[in-house]
Amino acid sequence: MQPNRSLLATARSLLTAGRPATLAAVVMLLGLLVVAGCGGSDTAAPTDAGSAEDSGTGAAWRTAAITDVDGKTFTLADLEGSPAFVEVFATWCPNCRSQLEDTQRAAAELGDEATFVALSVETDLDPAEVASYAEENGFADIRFAVMSEELLAAFADGLGTSAVNPSGTPHLVIGADGTPGELRTGSASAGEIVDAVRSAG
């Protein structure tokens, strides 16, 4: 999957949705087209990229329906009761794959203590392709899904455009009580993820 084709399709679909609130997401995605995808692995520590807490526990990005690659529908709000680690990615992004490897190690260590969710920004991608991507890379303990146009727009509107820029490996932890933590970008080691998730439990 080439980044240009996927991002252009996503930007076009958002632009034709007729919602002014999606403009920021479109601008960001078109900007990524200029960059033409993500570069090498980012080894920097996670950095603050904004506060998800300001969006509230009833924010649209938390209540929008998500259908995972197994065909099961849920919302991020449904995960309340145990902490959740949410990561945004793209299948063509090497940074994302590298981060998902650490996320998988953390997920395997924590087991039923938490839920791990990976959301692809490639709204035009067949879920079966994402399922194959997960299987081929050994990401067995992460729940994968393809973002709908509505969910992508809700993430951009509620969390900022950095939340839908896969090259930055955006991720956040949602506490067991449903309170979203800060959106973070950059790479996070398996140990850092485990510590953050357990702190949110």
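The values are calculated or read from the model by the stated rules, or taken from the named source; none is laboratory data. None of these values were measured; they are calculated from a predicted model. Positions of Cβ are generated from backbone atoms using ideal geometry, with glycine treated the same way; all protein chains shown enter the neighbour counts.
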Selection from region 187-196 of residues at pLDDT 95 or above and not acidic (Asp, Glu) yields Ala188, Ser189, Ala190, Gly191, Ile193, Val194, Ala196
All conditions in (1) closer than 16 Å to Ala84 by Cβ; (2) not in a helix (DSSP H, G or I) are true of Gly138 except (1)
All-but-one check, Ala200 against (1) of a type outside the set (Val, Ile, Thr); (2) more than 16 Å from Trp61 (Cα to Cα); (3) out of contact with any strand residue (DSSP E or B) (no Cβ under 8 Å at 6 or more places or on another chain); (4) at pLDDT below 95, failing number (3)
Of the listed residues (Phe155, Phe144, Phe116), the one being buried (at least 16 other Cβ atoms within 10 Å of the Cβ), closer than 21 Å to Asp68 by Cα, touching a Lys or Arg at 6+ places or on another chain (Cβ under 9 Å) and among the hydrophobic types (A, V, I, L, M, F, W, C) is Phe116
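Each row is one residue, and each column tells you yes or no for (1) modelled with pLDDT under 95; (2) of a type in the set (Asp, Glu); (3) within 15 Å of the chain's Cα centre (by Cα).
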site: Phe89; (1), (2), (3): no, no, yes
site: Cys93; (1), (2), (3): no, no, yes
site: Ala108; (1), (2), (3): no, no, no
site: Val117; (1), (2), (3): no, no, yes
site: Thr123; (1), (2), (3): no, no, yes
site: Val130; (1), (2), (3): no, no, yes
site: Asn137; (1), (2), (3): no, no, no
site: Leu159; (1), (2), (3): yes, no, yes
Going through region 72-123 in order, the residues found to be closer than 12 Å to Ala145 by Cβ and assigned to a helix (DSSP H, G or I) are Leu76
Apart from one, (1) in contact with a Gly (Cβ under 6 Å, 6 or more places away or on another chain); (2) modelled with pLDDT under 95 all hold for Thr179; the odd one out is (1)
Only unsatisfied item for Ala59, checking (1) at pLDDT 95 or above; (2) more than 15 Å from the chain's Cα centre (by Cα), is (1)
Of the listed residues (Glu122, Glu149), the one being touching a helix residue (DSSP H, G or I) at 6+ places or on another chain (Cβ under 6 Å), charged (D, E, K, R) and buried (at least 22 other Cβ atoms within 10 Å of the Cβ) is Glu122
